[in-house]
Amino acid sequence: MAEFLVEHPTTSWEALNNGAVFYSRRHLYQMQWNLSSVGGGSDLSGYIVAGARFGGPIAIMRDNTKLIALGRTTFTKPVIQVFSSSGVHLATINWELSKVVSLGWTSSEQLVVLNEDGQYRLYDLQGTYRSFSLGSEAAETGVMDAKIFEAGLVALTGQMSFLE
């Protein structure tokens, strides 16, 4: 009779919070994206990243506030790359407006891109967009920070007031 040694299911789990919580990580596939094509380095720390819910698309843009080592990277206008959840390239959006403050996704998988002048665009996965504005206060004082939710956004203006 042959004996089979079966590994206990929890032996590969990792501890968090001093052992109060455990998780198991399983490698499903290798991401197919080429981050060097976006120009922010080889890991996600040099990017503004927004992932849609339920394993939907991922938008990535180089974060211009982070320093990167100069190499063969050419500096052009900002580019937003959209990938599937497995890293397959879906779309490229050339950004021609002022500095991007925040990226996010709506519940209907439209990419929201908000700039420092209070203008934002809703992109579909084909790259077509509709433009909107947060109004004159955002245009005059600028947008300092923002949080984009599935059903809207909240922006902090240069006068330290919130716009919804």
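The values are calculated or read from the model by the stated rules, or taken from the named source; none is laboratory data. Only a predicted model underlies this, so the values are computations on that prediction, with no experimental measurement involved. We work out accessible area using only protein heavy atoms, side chains counted, and drop any ligands, DNA or RNA first. Shrake-Rupley method; radii C 1.70, N 1.55, O 1.52, S 1.80 Å.
In table form, for the structure just shown:
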quantity: Cα gyration tensor, the stretch 78-164 - rounded (a/c under 1.5), prolate or oblate; calculated: prolate
quantity: Accessible surface, 1.4 Å probe, highest first, among residues His27, His89; calculated: His27, His89
quantity: Average accessible area per residue (Å²) across the stretch 103-164 - probe 1.4 Å, nucleic acids and ligands excluded; calculated: 56
quantity: Protein accessible area in the stretch 74-159, 1.4 Å probe - carbon and sulfur %; calculated: 51
